[in-house]
Amino acid sequence: MSAERFLYYEAELLDRGDWAAWLELFTPDAIYWMPCGDGREDPELRVNIIYDDYERLRDRVSRLLGSMAYAQMPASKTIHLITNLVIEEEIEGEGAVTRAASNFLVTELRREQTTLYAGRCEHVLVPVPGEEGWRIRAKKIMLLSGEAYLGNLSFMM
Amino acid sequence: MEAARADGLFDGEAVNGRMYTDEAVFEEEMERIFNRTWVYVAHESELESPGDYKTTRLGLQSVIVARGADDGVIRVMLNRCRHRAASVCQTPCGSANFFRCAYHGWTYNNKGELIGMPFQDGYGPDLDKRELGLAQAPRVAAYRGFVFASMNEAAPPLEEHLRHVLPYLDQTADSAPGGIALRAGAQRYAYPNNWKLQLENTIDPYHASITHQSFFDMLGKKMGKRINFKKQYEVERVNDLGGGSSIYHMDADFGIGELPFILLVFPNLGILGSQIRVIEPVSAGATKVTLYPMLGKASSDADNAARLRKHEIFYGPAGQGTADDLEVAFDRVAEGLAGAGDGARLTMRRGLHREQPDANGLACSHPSDEVPFRSLYREWRRLMTAGG
C-alpha cells in the first residue's frame, strides 16, 4: 500500500468515527502532536493543543468510546480532504521509515455548525512486517488556525 | 442601570437568563465594569525587559501593555492613534521602542508619548504634542507580578480592592521554585455564549463529578484510586473573597494541576490548576478565553514539562475537561436560553441555608454551593447600579 493510500485509509477511519481501529494504526512509541503554533518550538516546554504519547492517546480514545464524553454528544461528523502530498524521506530495509507531508482540510459538522480546519500534516510511517500497510510513529498536525481562538476540538483531526 | 432592572437580572437568589443574552446589558457591562474596576492585563514575566509589550483588551478596547524602554515602568495604553483611530500595534507581543501608525505616520514612543508626525506645520504653532499621546489607563498597578489596570482614576488602591485575594496571589507567585513565569505560550478557545458563564464554570465544584465524570473515571482507573468527591467536599470549602472574587480550597490533588485551589478574581481572571486564565468578553453571546500555563522559573525542564503535560490532558480546546465544558456549560446553555426572553429564572440558591461567615466575615460553605456565583453577581450589581 502506498503512503498516499494509507493516509486516505486513516482519514476514512476518522470520518467513520472508528476510533478503535484508528488507534491501532499507531505504534507503541507513537507521538500525536498538535501544536498551538506552527510547531517550530520545542513541544516539551510549550503548551500544545495535544501532545500525546500512545498511552495518553489510548486514554483519549477510550474516553470517546465511552458513553459520557459530552464533548462529542452530539458527535462531530467530519470529511477529511488530503492533498499536496510530498514523500519527504523514504528509508528501506533495516529501520525503514517514510516521512510524508500533506495538506488537509477537515470539514466538521456539529450542532448545525460547519467549521473548516485547514493545515499541514506530517506523518512518520513505519512498515508492518508481514502486512501491506503502515503504522504511524508520529503525526504532527499544524493547524492554519493553531493560534486562533478555537472551538471544541474533541474530535480526531 | 436602574436598581429595579438589576434586581430583575439578579435578585440575590436567582439570575434571569437575560443576564447572559442581552446585548444592551453587555454594553453597560463594558462601560460600568471593564471601564471602571481593576482588570487583570498581564503577568510581569510577559514583560521582562524594558521595551517588551503585549496587547490585550480592557472590555472590547484593544490595549498595549508595555514596559517603558527607558524607565521600565509598565503602562497600559489604548491601541488607538489619536488622529484617525487606527490601531498602532498589530502583534500580540514583542519588543519596541516606538509604535508608528501606518496611516499618517504619527509615531509614539513605548510610553505612549507622541514624538513625531510628518508635516507637523499643518497644525500651527499651538500644537502641543503632549496632549496627543496614546490614551492611558490612569491606574496601573502590580501585586506579586500580577498586573492590573483601571480606567477609573478614582479606583481604590489595588491592594485594598483585592484585599482578601492577596494571600492567594502570594501563594500562586510562590507556587514554584524561583517563582512563576508565563513562558510556555498559551491555549486559546472561544465559545458562543456569555463571558460570565466562564466565570461561573471556573469555580463550580458542583459540576466536576458530573460533567467531568468520564475524565475522573479514567483518571481513577489510571491512579488505582478514585476521587471520592462527597467525602472530599466535606472537608473543603468555598469562600467569598469580596469584590466578586472567590476561592475554592482543595484538600487533595485532582491530578490536573499544581495549585491547591481555584481562585476567581472578578471580572476576568482565574488562577487554577497550573494556569492563569483570562476571560475576554466579545459580545453577549461570544467570549474568548486564554490559558497561560505557569512554569517554575527555577524548576527543572523535566518538572516544567510534566506540569505542561498534566495541563494538556484536561485543558484547552482538545482538553478532556474543557471540551466537555464547551458542550455542556456553553453550547447546551445557549440552546436552553434561546428565545427565553425574560422567561428564564435560574435558581442560584445553593447553600443559602447553610453558608456561614468565615474569619473575614464573608460567606463560606460547602464546595458544591453557589457562594462564588452570589459573590460574583453582588459585585456585578454594585458596579452596574453605581451612581455617576
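The values are calculated or read from the model by the stated rules, or taken from the named source; none is laboratory data. From a predicted model like this one, the values you see are computed outputs, not experimental measurements. In this analysis, Cβ positions are derived from the backbone assuming ideal geometry, glycine residues included, and neighbour counts consider all displayed protein chains. Calculation scope for accessible area: heavy atoms of the full protein, side chains included, ligands and nucleic acids excluded. Shrake-Rupley method; radii C 1.70, N 1.55, O 1.52, S 1.80 Å.
B:Pro118: in a loop (DSSP other than H, G, I, E, B), touching a Gly at 6+ places or on another chain (Cβ under 8 Å) and surrounded by fewer than 14 Cβ atoms within 10 Å (Cβ to Cβ), yes or no? Even if it seems obvious, please write down each step before you answer.
Working: in a loop (DSSP other than H, G, I, E, B): yes; touching a Gly at 6+ places or on another chain (Cβ under 8 Å): yes; surrounded by fewer than 14 Cβ atoms within 10 Å (Cβ to Cβ): yes.
So B:Pro118 passes the test.
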Picking from B:Tyr123, B:Tyr103, B:Tyr108, the residue that is over 20 Å from the mean Cα position of the chain (by Cα), among the aromatic types (Phe, Trp, Tyr) and open to solvent by less than 10 Å² (accessible area, probe 1.4 Å) would be B:Tyr108
Of (1) open to solvent by less than 20 Å² (accessible area, probe 1.4 Å); (2) out of contact with any helix residue (DSSP H, G or I) (no Cβ under 9 Å at 6 or more places or on another chain), A:Asn84 fails just (1)
Can you name the number of the only condition in (1) open to solvent by 40 Å² or more (accessible area, probe 1.4 Å); (2) within 11 Å of another protein chain (Cβ to nearest Cβ) that B:Val333 fails?
(2)
All positions within segment A:46-81 that are open to solvent by 70 Å² or more (accessible area, probe 1.4 Å), within 14 Å of chain B (Cβ to nearest Cβ) and touching a residue at least 40 places away in the same chain (Cβ under 8 Å)
A:Leu65
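Considering only segment B:242-341, give the helices (runs of 4 or more DSSP H) lying wholly within it that have at least 3 residues that are outside the structural domain of B:Leu58 (by TED's automatic domain parsing) and acidic (Asp, Glu). Write out each step before concluding.
Working: elements: B:301-314, B:322-325, B:332-337.
In segment B:242-341, the matching helices (runs of 4 or more DSSP H) lie at B:301-314.
Being aromatic (Phe, Trp, Tyr) and crowded, with 21+ Cβ neighbours inside 10 Å is the filter here, so list the residues in segment B:189-212 that pass it. Break it down into steps so the answer makes sense when it comes.
Going through segment B:189-212, the residues aromatic (Phe, Trp, Tyr) turn out to be B:189, B:191, B:195, B:206.
Those that are aromatic (Phe, Trp, Tyr) and crowded, with 21+ Cβ neighbours inside 10 Å: B:Tyr189, B:Tyr191, B:Trp195.
Return the residue satisfying two criteria in turn: it lies in segment B:184-210 and is aliphatic (A, V, I, L, M) and within 18 Å of B:Val15 (Cα to Cα), and of such residues it is farthest from the other protein chains (Cβ to nearest Cβ). Steps first, please.
Step one: of segment B:184-210, the residues aliphatic (A, V, I, L, M) are B:184, B:186, B:190, B:197, B:199, B:203, B:208, B:210.
From the residues that got through so far, the ones that are within 18 Å of B:Val15 (Cα to Cα) too are B:197, B:199, B:203.
Numbers: B:Leu197: 15, B:Leu199: 17, B:Ile203: 20 Å.
The selected residue is B:Ile203.
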Residue among B:Met218, B:Met250 that alone is at the interface with chain A (Cβ under 9 Å from one of its Cβ atoms) and either farther than 19 Å from B:Leu362 by Cα or surrounded by fewer than 21 Cβ atoms within 10 Å (Cβ to Cβ) (or both)
B:Met218
Pick from segment A:109-136 the residues that are surrounded by fewer than 19 Cβ atoms within 10 Å (Cβ to Cβ) and touching a residue at least 40 places away in the same chain (Cβ under 8 Å): which of them is farthest from B:Gln187 (Cα to Cα)?
A:Glu132
Could we say that B:Leu308 is over 21 Å from B:Ala149 (Cα atoms), open to solvent by less than 10 Å² (accessible area, probe 1.4 Å) and either more than 8 Å from every other protein chain (Cβ to nearest Cβ) or at pLDDT below 95 (or both) here?
no
Could you tell me whether segment B:253-263 includes any residue that is touching a Leu at 6+ places or on another chain (Cβ under 6 Å), surrounded by fewer than 24 Cβ atoms within 10 Å (Cβ to Cβ), farther than 25 Å from B:Arg374 by Cβ and touching a residue at least 12 places away in the same chain (Cβ under 8 Å)?
yes
Quick one: would you say A:Asn103 is in a strand (DSSP E or B), at pLDDT 95 or above, of a type in the set (S, T, N, Q) and open to solvent by 50 Å² or more (accessible area, probe 1.4 Å)?
no
If I filter segment A:2-45 down to residues being open to solvent by 30 Å² or more (accessible area, probe 1.4 Å) and in contact with a strand residue (DSSP E or B) (Cβ under 7 Å, 6 or more places away or on another chain), which single residue comes out as nearest to A:Arg120 (Cα to Cα)?
A:Asp38
